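The values are calculated or read from the model by the stated rules, or taken from the named source; none is laboratory data. The structure displayed is predicted, hence computed values, not measured ones. So basically every Cβ, Gly included, is an ideal-geometry build from the backbone, and we count neighbours across all protein chains shown. Side chains are part of the model used for accessible areas, which takes the heavy atoms of the whole protein and leaves out ligands, DNA and RNA. Shrake-Rupley method; radii C 1.70, N 1.55, O 1.52, S 1.80 Å.
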Amino acid sequence: MSLNLTVDGERWRSHLLRTVRTHPGIVPVAKGNGYGLSVARLARRAQWLADHVDDTGAAVDMIAVGTYDEVAEAASRYAGDLLVLTPWRPFGAALDLDARIATRVVHTVSRREDLSALREHDPDARFVLEQLTSMLRHGMTRRDLAAAAAALGSGRSGLRGVAMHLPLNTTSHLGEVSRLINDIVASGLPTRTVFVSHLTEAELGRLATTYPDFTVRPRIGTDLWLGDRGALSVTATVLDVHEVERGDTFGYRGRSAPKQGHIVVVSGGTAHGIGLEAPTGDQSLKARAATLARGGLDAVGFVRSPFSIDGKQRLFAEPPHMQASMLFVPSGARVPCVGEDIEVRVRFTATDFDRVVIA
């Protein structure tokens, strides 16, 4: 009756240990919907990784959460430091931290004016300074870093390093990272620790060789928790099956069946993230043509769903409902039975499951 995520526990745990072992200084990321697994579950698993330092040879002394609203959920399940990726601002949830947790939080500071405001708000605050990368999302310029260095001086300041959030692409980031590290050196900041995102294992190795006096700490989410997709299986339950003839009406909108077949009702709808699609980053002509084709299909009610029966993705009979979806299975194809589980392809970061079962 549910949209389920089933995890091959032994295979998944082996992947987690292997990833931590090959990425010294790793900062596991547990944010948003927890990559489909929930922030709470990932925080507990990060604590498990911290407790298995003898198996990995790497201490997991920090995890990263996305926002200040996620801090408490992670803090009750993980005992180490909590790096907040959303930059600190002098308003909102950042000012409402529980005093019992605040000492474990490492803030991200991305604006010169916020550095002085944070230190005034909490003189003992610990923080990283975020550099402005080619993403142009948050961050300090070279001049901002120099001003921060002057403000901090050489004494104990709470500075724990500099953070770089890099774009997702298929080209090497090494050129940009080298420029950013040179900016850190030129600024005079009293740190040689950098936190990086979206670098490959080979790129991390090159950085360690090129800058042996720096400590490079990779923040890893997707490749850690979802890196072995074969360990993860998503299924939906068939809830009802109705035979239809051409012209029969069905659904909220009274659509007509295009030909003889079956309406198959399955668990999983918009409340789970089914049928909700983020804008694609693919700008190719092929991708644009596919988008236009999907738009045309949507106009007549034929849109490919993420649900598969016997390895074939079936079409939505109409847009998904809140907690269920209606599929059209044409005559001649096998019709699943009520209670049968069928496969679903999902984007884990945009899906909320009814049940997560780790074997």
Evaluate E = 1/(1 + (r/R0)^6) for ALA99 and ALA151, where r is the Cβ-Cβ distance and R0 equals 35 Å; express this FRET efficiency to the nearest 0.05. 0.85
VAL105: net charge of surrounding residues, Cβ under 9 Å, Lys/Arg +1, Asp/Glu -1, itself excluded? +1
222 nm [θ] for the chain, helices only, -39500 (n - 2.57) per DSSP H run of 4+, per residue, to 500? -8500 deg cm²/dmol
Quick one: helix 285-300 against the long Cα principal axis of the chain, what's the angle to the nearest 10°, folded into 0 to 90? 40 degrees
Label model pair ALA271, ARG137: point-to-point distance (7 angstrom along the Cα→beta-carbon line) in nm is 3.0 nm
Relative contact order of the stretch 97-229: what whole-number percent is it, with Cα pairs under 8 angstrom and at least 6 residues apart? 20 percent
Mind listing P(r) for the stretch 1-160? All alpha-carbon pairs, 5 Å bins, whole percents. 2, 8, 16, 18, 17, 15, 11, 8, 3, 1, 0, 0, 0
Heavy-atom SASA rank of HIS198, HIS121 (probe 1.4 Å, accessible area, largest first): HIS121, HIS198
So, in nm, how far is label SER331 from label THR22 when the simple model puts each one 7 Å beyond its Cα toward the Cβ? 5.3 nm
Could you work out how much longer the chain between ARG179 and ASN33 gets when fully extended? Use 0.36 nm per residue separation minus the Cα distance between them, nm to one decimal. 49.2 nm
Label ARG229 and PHE91 with points 7 Å out from Cα along Cα→Cβ: what is the distance between them in nm? 4.1 nm
For the chain, the Rg and Dmax computed from alpha carbons only, in angstrom: 24.3, 79
Within 15 Å, Cβ to Cβ, of LEU3, how many net charges do the neighbouring residues add up to if Lys/Arg are +1 and Asp/Glu are -1? -2
Carbon plus sulfur, as percent of the 1.4 Å-probe accessible area of the stretch 114-228, comes to 50 percent
On C-alpha positions alone, give me the angle between the axis of helix 142-152 and the longest principal axis of the chain, in degrees, nearest 10. 50 degrees
Taking the solvent-accessible surface of protein heavy atoms with a 1.4 Å probe, what is the per residue accessible area of the chain in Å²? 49 Å²
What FRET efficiency would be calculated for the residue pair HIS121, GLU10, taking the C-beta separation as r and a Förster radius of 51 Å, to the nearest 0.05? 0.65
In whole angstrom, and with the biggest value first, how far do the Cα coordinates of the stretch 163-203 range along each principal axis? 32, 17, 15
Relative to the chain, whose Cα atoms define the longest principal axis, helix 9-22 and its Cα axis are tilted in degrees, nearest 10, by 30 degrees
Under the 0.36 nm per residue contour assumption, what length would be gained going from the current alpha-carbon distance of THR222 and ALA186 to full extension? 9.7 nm
